[in-house]
Amino acid sequence: MAIRSINKYIVLKRFSLGKVLYDKLDTIYVQEHDPANKEPQKVFNGEKEYVTDISSDVYLSLRKGFIIDDQERD
(Lines give C-alpha, C1' and ligand atoms only; values in the text may rest on other atoms or scores of the structure.)
Protein backbone atom coordinates (compact mmCIF):
# COMPACT_ATOMS: atom_id res chain seq x y z
CA MET A 1 0.00 0.00 0.00
CA ALA A 2 1.48 3.33 -1.10
CA ILE A 3 1.61 6.31 1.21
CA ARG A 4 -0.54 9.17 -0.04
CA SER A 5 0.75 12.70 0.39
CA ILE A 6 -1.16 15.39 2.23
CA ASN A 7 -1.20 18.84 0.63
CA LYS A 8 -1.66 22.22 2.29
CA TYR A 9 -4.34 24.58 0.93
CA ILE A 10 -5.38 28.15 1.71
CA VAL A 11 -9.08 29.04 1.73
CA LEU A 12 -10.06 31.75 -0.78
CA LYS A 13 -13.84 31.77 -0.22
CA ARG A 14 -15.86 30.84 2.86
CA PHE A 15 -17.40 27.35 2.87
CA SER A 16 -18.60 24.67 5.26
CA LEU A 17 -17.29 21.12 5.32
CA GLY A 18 -17.83 18.44 7.94
CA LYS A 19 -19.81 20.80 10.20
CA VAL A 20 -16.88 23.24 10.21
CA LEU A 21 -16.97 26.70 8.66
CA TYR A 22 -13.77 27.71 6.88
CA ASP A 23 -13.11 31.39 6.38
CA LYS A 24 -10.86 33.24 3.97
CA LEU A 25 -7.14 32.59 4.60
CA ASP A 26 -7.76 29.54 6.82
CA THR A 27 -5.53 26.53 6.20
CA ILE A 28 -6.75 23.01 5.42
CA TYR A 29 -4.92 19.85 4.45
CA VAL A 30 -6.23 17.32 1.92
CA GLN A 31 -4.84 13.83 1.39
CA GLU A 32 -4.38 12.97 -2.30
CA HIS A 33 -6.85 10.66 -4.04
CA ASP A 34 -6.18 6.90 -4.17
CA PRO A 35 -7.71 5.71 -7.47
CA ALA A 36 -6.32 2.18 -7.12
CA ASN A 37 -8.16 1.45 -3.88
CA LYS A 38 -11.00 3.94 -4.46
CA GLU A 39 -10.50 5.43 -1.01
CA PRO A 40 -11.96 8.88 -0.30
CA GLN A 41 -9.76 11.87 0.33
CA LYS A 42 -9.35 12.89 3.95
CA VAL A 43 -9.55 16.52 5.07
CA PHE A 44 -7.70 17.91 8.09
CA ASN A 45 -8.06 21.36 9.67
CA GLY A 46 -5.27 23.87 10.29
CA GLU A 47 -4.30 22.03 13.48
CA LYS A 48 -3.96 18.84 11.40
CA GLU A 49 -6.95 17.18 13.09
CA TYR A 50 -9.14 14.91 10.95
CA VAL A 51 -12.38 16.60 9.85
CA THR A 52 -14.09 14.41 7.23
CA ASP A 53 -13.76 12.38 4.03
CA ILE A 54 -14.63 13.95 0.68
CA SER A 55 -15.12 12.55 -2.80
CA SER A 56 -12.96 13.53 -5.76
CA ASP A 57 -15.90 15.56 -7.09
CA VAL A 58 -16.06 17.66 -3.91
CA TYR A 59 -12.30 18.17 -4.02
CA LEU A 60 -12.44 19.32 -7.66
CA SER A 61 -15.27 21.71 -6.78
CA LEU A 62 -13.23 23.19 -3.94
CA ARG A 63 -10.29 23.70 -6.31
CA LYS A 64 -12.51 25.87 -8.52
CA GLY A 65 -12.13 29.05 -6.50
CA PHE A 66 -12.57 27.95 -2.88
CA ILE A 67 -9.07 26.69 -2.06
CA ILE A 68 -5.63 27.18 -3.57
CA ASP A 69 -2.50 25.09 -3.11
CA ASP A 70 -0.23 26.82 -0.61
CA GLN A 71 2.62 26.66 -3.12
CA GLU A 72 0.54 28.52 -5.75
CA ARG A 73 0.10 31.59 -3.53
CA ASP A 74 1.59 34.91 -4.57
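The table for this structure:
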{"read-out": "Solvent-accessible area per residue for the chain (1.4 angstrom probe, square angstrom)", "value": "69 Å²"}
{"read-out": "Reach of residue 38 by Cα under 27 Å, taken over lysines that are not fewer than 8 positions away in the same chain", "value": "8, 19, 48, 64"}
{"read-out": "Inverse of mean 1/r across different Cα pairs in the range 13-74, Kirkwood, Å", "value": "12.2 Å"}
{"read-out": "Potential extension, residue 60-residue 32 segment - 0.36 nm per residue separation minus Cα distance", "value": "8.9 nm"}
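The values are calculated or read from the model by the stated rules, or taken from the named source; none is laboratory data. Small disclaimer: the values here were computed from a predicted structure and weren't measured. Side chains included, ligands, DNA and RNA excluded: accessible areas come from the protein's heavy atoms. Shrake-Rupley method; radii C 1.70, N 1.55, O 1.52, S 1.80 Å.
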